[in-house]
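Here is the structure we will look at, set down as structure tokens.
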Amino acid sequence: MEQTLSQYEKLMQAPHLLDDDELEEAFEKFDIPFETRMDILARRAKFVIKNPISAKAYAALARFQFEEVERLIELQTKMQERNIRVA
């Protein structure tokens, strides 16, 4: 039981500590609704994806914020055209 609680706490509070397989297993095990899954994936993105603009775009996509995704893609394109890198 303690292990299950630990996995649930990681899922809800620190999803970046779970690898992809553990994350999927936890989603199934705890019957996490789709909307909550997307929110968890959005929060996880900033830790897993190294490029901050890509991480924000992924998070916006997971939250169905399509205008924000488009804005970030345009920003990324302009930055690439000007050889600007984000650390």
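The values are calculated or read from the model by the stated rules, or taken from the named source; none is laboratory data. Remember, it's a predicted structure, so these values are computed and weren't measured experimentally. Here the Cβ positions follow ideal geometry from the backbone for every residue, glycine too, while neighbour counts run over all protein chains shown. Note: accessible area is taken over every heavy atom of the protein model, side chains too, but ligands, DNA and RNA are not part of it. Shrake-Rupley method; radii C 1.70, N 1.55, O 1.52, S 1.80 Å.
So the values come out like this:
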item: Which numbered condition residue 44 fails, given (1) under 24 Å from residue 9 (Cα atoms); (2) open to solvent by 40 Å² or more (accessible area, probe 1.4 Å); result: (2)
item: Single unsatisfied condition, residue 50 versus (1) loosely packed, with under 11 Cβ neighbours inside 10 Å; (2) assigned to a helix (DSSP H, G or I); (3) within 12 Å of the chain's Cα centre (by Cα); result: (2)
item: Residue that is of a type in the set (A, V, I, L, M, F, W, C) and touching a Ser or Thr at 6+ places or on another chain (Cβ under 9 Å), where the choices are 30, 64; result: 30
item: Residues that are within 11 Å of the chain's Cα centre (by Cα) and open to solvent by 30 Å² or more (accessible area, probe 1.4 Å), drawn from the range 27-41; result: 37, 38, 39, 41
item: Residues of the range 10-46 satisfying the condition of being in a helix (DSSP H, G or I), in contact with an Asp or Glu (Cβ under 9 Å, 6 or more places away or on another chain) and hydrophobic (A, V, I, L, M, F, W, C); result: 11
item: Of residues in the range 64-87 being open to solvent by 100 Å² or more (accessible area, probe 1.4 Å) and outside any helix (DSSP H, G or I), the one nearest to residue 34 (Cα to Cα); result: 64
